[in-house]
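Presented below is the structure to which this report refers.
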Amino acid sequence: QVQLVESGGGLVQAGDSLRLSCAASGRTFSGNVMGWFRQVPKKEREFVAAISRTGSRTYYTDSVKGRFTISTDNAKNMVYLRMNSPKPEDTAVYYCAVRNSPVVVRTQEYDYWGQGTQVTVSS
């Protein structure tokens, strides 16, 4: 089992920056792909970004490309999501996820999920 705990959410003004963190424990990083998803009420959880375990490959949904950066620190068992120039439409609960398969997917086919952290972007 892998436990994931997100932190760093909160209220931020549009145009500022915010960094989300995800701490992994348990069978740490037995997974090969780490991802961030987000969800707003009454909508499905959507893919935001993913990174391979080595950090050599990153993937983003189009709406965050150039603004968000996903990174990993394997020594600390951490995954980060730097959110630069957030917009009100980025407001959501953000979830960290780990996938055992090395194949990156943008669907919810991840094996472990955190509880989520709320991000609210004010205009």
Across the stretch 59-78, the tally of residues that are at pLDDT below 95 and not in a loop (DSSP other than H, G, I, E, B) stands at 3
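Let's see how each residue does on (1) more than 16 Å from Ile51 (Cα to Cα); (2) of a type in the set (Ser, Thr, Tyr):
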position: Pro86; (1), (2): yes, no
position: Val98; (1), (2): no, no
position: Tyr110; (1), (2): no, yes
position: Thr117; (1), (2): yes, yes
position: Thr120; (1), (2): yes, yes
Of those in the stretch 1-42 that are among the β-branched types (Val, Ile, Thr) and closer than 13 Å to Met78 by Cα, the residue modelled with the highest pLDDT is Val5
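Between Ser71, Ser56, which is more than 10 Å from the chain's Cα centre (by Cα) and closer than 20 Å to Tyr110 by Cβ?
Answer to the check: Ser56.
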Flagged in the stretch 80-104 as under 19 Å from Gln1 (Cα atoms) and at pLDDT 95 or above, in numbering order, are Tyr95, Cys96, Ala97
If we ask which residues in the stretch 1-50 are under 20 Å from Pro102 (Cβ atoms) and touching a residue at least 40 places away in the same chain (Cβ under 8 Å), their number turns out to be 18
Kindly establish whether Lys42 is open to solvent by 40 Å² or more (accessible area, probe 1.4 Å) and closer than 19 Å to Val2 by Cα.
no
message: With the structure loaded, tell me whether Thr91 is over 28 Å from Ser123 (Cβ atoms), β-branched (Val, Ile, Thr) and either open to solvent by 30 Å² or more (accessible area, probe 1.4 Å) or touching a helix residue (DSSP H, G or I) at 6+ places or on another chain (Cβ under 7 Å) (or both) or whether it fails that test.
response: no
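Of all residues being within 15 Å of the chain's Cα centre (by Cα) and in a loop (DSSP other than H, G, I, E, B) in the stretch 30-39, which is surrounded by the most Cβ atoms within 10 Å (Cβ to Cβ)? Just the residue, please.
Restricting attention to the stretch 30-39, the residues satisfying the condition of being within 15 Å of the chain's Cα centre (by Cα) are 31-39.
Filter again for in a loop (DSSP other than H, G, I, E, B), leaving 31-32.
Values: Gly31: 21, Asn32: 15.
If we take residues in the stretch 30-39 being within 15 Å of the chain's Cα centre (by Cα) and in a loop (DSSP other than H, G, I, E, B), then Gly31 is surrounded by the most Cβ atoms within 10 Å (Cβ to Cβ).
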Within the stretch 105-122, of all residues that are surrounded by fewer than 17 Cβ atoms within 10 Å (Cβ to Cβ) and closer than 23 Å to Gly26 by Cβ, the one modelled with the highest pLDDT is Gln115
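Identify the residue in the stretch 45-55 that is in a loop (DSSP other than H, G, I, E, B) and at pLDDT below 95 and, among all such residues, is least open to solvent (accessible area, probe 1.4 Å).
The selected residue is Gly55.
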For the stretch 7-21, the count of residues that are open to solvent by 50 Å² or more (accessible area, probe 1.4 Å) and assigned to a strand (DSSP E or B) equals 5
Within the stretch 56-88, the count of residues that are in contact with a Ser or Thr (Cβ under 7 Å, 6 or more places away or on another chain) and surrounded by 14 or more Cβ atoms within 10 Å (Cβ to Cβ) comes to 9
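The values are calculated or read from the model by the stated rules, or taken from the named source; none is laboratory data. All values reported here derive from a predicted model rather than from experimental measurement. Methodologically, a virtual Cβ is constructed for each residue, glycine included, from the backbone with ideal geometry; neighbour enumeration extends over all protein chains shown. Note: areas computed on protein heavy atoms with side chains; ligands, DNA, RNA excluded. Shrake-Rupley method; radii C 1.70, N 1.55, O 1.52, S 1.80 Å.
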